[in-house]
Amino acid sequence: MPVKTVPLNLFLDDTSGNTTKKWNKFESCVMSLAAMPFKEQCKVENLFFVCTSNKLSITEMLPELVKDLGALEKGVEMFDVEYGEPVLVVGVVHFLMADNPMHAAVACSLGAKARLPCRKC
């Protein structure tokens, strides 16, 4: 069975339809294919919505997301029209994109708020 490796980029951010993020804040995760040229990655048709919530933080959504990505890393059997046969698709997370506050939340780091900030821990 042929194996296809698909590198993935994840983008995490808090979004809101309001002018301030204080009200109606949504934490979202979007995925794109890392092997595509950057111009193509940014097109709406090449962005894949993963999850969003206005009730849960990204750190609360992360355990389920990690389970799904772990299953994808082990490989999922799919049908390939080009080959006309089943293939094993293995998806690996290549890059995690986020702004500084979101990276700090995902890494459980206090960042600049820490008394003795350290880049190593």
Efficiency of FRET from Cβ geometry, Cys108 and Met78, R₀ 30 Å, rounded to 0.05: 0.30
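Cα gyration tensor of the stretch 42-92, axes a ≥ b ≥ c as square roots of the eigenvalues: rounded (a/c below 1.5), prolate (a/b > b/c) or oblate?
Values: a/c = 3.69, a/b = 1.71, b/c = 2.16.
Here the stretch 42-92 falls in the oblate category.
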In nm, to one decimal, how far is the Val6 label point from the Met36 one, both placed 7 Å along Cα→Cβ? 1.1 nm
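For the stretch 34-98, which whole percent of the accessible surface, found with a 1.4 angstrom probe, sits on carbon and sulfur atoms? Before the final figure, lay out each step's value.
Values: 2950 of 4720 Å².
Answer for the stretch 34-98: carbon and sulfur cover 62 percent of the accessible area.
The values are calculated or read from the model by the stated rules, or taken from the named source; none is laboratory data. What you are looking at is a predicted structure, and each value in this text was computed from that prediction instead of being measured. With ideal geometry, Cβ positions are generated from the backbone for all residues, glycine too; neighbour counts draw on all protein chains shown. Accessible surface areas use protein heavy atoms only, side chains included; no ligands, DNA or RNA. Shrake-Rupley method; radii C 1.70, N 1.55, O 1.52, S 1.80 Å.
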